[in-house]
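> Sharing a structure here in structure tokens format.
The values are calculated or read from the model by the stated rules, or taken from the named source; none is laboratory data. Not measured: the values here are computed from a predicted model. Using ideal geometry, Cβ is built from the backbone for each residue, glycine included, and neighbour counts are taken over all protein chains shown. Areas reflect the complete protein model, heavy atoms only, side chains present, ligands, DNA and RNA absent. Shrake-Rupley method; radii C 1.70, N 1.55, O 1.52, S 1.80 Å.
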Amino acid sequence: MSKLNTRALCRIAMLAALYVLLNNTIAIKAGNLRITFASLPVVVSALLFGPMESALTALLGEFINQLIGGYGITATTALWLIPPAVRGVVIGAAALACQRTERPLECRPILGYAVCVLGALCTTLTNTAVIAADAWIYHYYSKAYVFGELLYRLGSGVLIAVIVATAALPMAGLLRRQGLARA
């Protein structure tokens, strides 16, 4: 785990800003399905800089989304920051393990896609737990509300993960070749 220096803080801030931008501007809506590319900066950060920086990118980006998205600061705001960070931790940990073998995760496409899908599944399950906690805290809990669309959310999460991985893996490889990854 590296210390956070000025360069790392600037990377986190820029990628968090990109997270907010992608979440609020570029979205494809089809019925209840909303495909957004907000996780792209988190995945690229995880591939290049590891779990800590990508988790911080997701936490900051989602916090700003909560503030500007009309939710404000509530008793459960901190809970809603956790699911996006989970994706960064899962993918970042796998990327860190692959870096130790001197062949980065983005150079292993099958494993890269599998890890991105695993990150999406973990994110969706964590999001479901947060929905349940929020519903319990604010007294609107019902199993139908919390778990009714779980399979649908898991499927859309996998779809979005595949789309994002298709962009993130070559992007991370290009950035690494340009010397923009942590050594």
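> I'd like to check one number: the per residue accessible area of the stretch 1-52, probe 1.4 Å, reported in Å² as a whole number.
Per-residue accessible area for the stretch 1-52 comes out at 54 Å².
> Continuing with this model, one more query. Taking all protein chains as present, what is the carbon and sulfur share of the accessible area of the stretch 77-183, in % to the nearest whole number, probe 1.4 Å?
72 percent
> Mind checking the per residue accessible area of the stretch 92-162 for me, 1.4 Å probe, whole number of Å²?
Per residue, the stretch 92-162 has 57 Å² of solvent-accessible surface.
> So what is the relative contact order of the chain, in percent, for Cα pairs below 8 Å that sit 6 or more residues apart?
Reported relative contact order: 23 percent.
> How compact and how long is the chain, expressed as Rg and Dmax of its alpha-carbon atoms in Å?
Using the Cα atoms of the chain, the pair Rg, Dmax is 16.3, 51 Å.
> Then there is this: Note down the net charge around Gln99, summing +1 for each Lys or Arg and -1 for each Asp or Glu among other residues with Cβ under 15 Å from its Cβ.
In short, +3.
> What's the ranking of 69-77, 83-91, 120-128 by average number of surrounding C-beta atoms within 10 Å, highest first?
83-91, 120-128, 69-77
> Also: If packing is taken as the mean number of other Cβ atoms within 10 Å per residue, what is the order of 150-156, 138-144, highest first?
150-156, 138-144
> Something else now. Among residues other than Phe49 whose Cβ falls under 12 Å from its Cβ, what is the net charge (Lys/Arg +1, Asp/Glu -1)?
+3
> Rounded to the nearest 500, what is the chain's calculated 222 nm mean residue ellipticity when only DSSP H runs of at least 4 contribute -39500 (n - 2.57) each, over all residues?
It lands at -25000 deg cm²/dmol.
> In whole Å, what is the distance between the alpha-carbon centres of the stretch 106-183 and the stretch 22-46?
11 Å
> While we're looking at this one, here's another question. Dividing the Cα radius of gyration by the Kirkwood radius, what Rg/Rh value follows for the stretch 1-70?
When Rh is taken as the Kirkwood radius, the ratio is 1.03.
> Now for a separate question. Just to confirm a number: summing +1 for Lys and Arg and -1 for Asp and Glu over residues other than Tyr152 whose beta-carbon lies under 15 angstrom from that of Tyr152, what do you get?
Its environment carries a net charge of +2.
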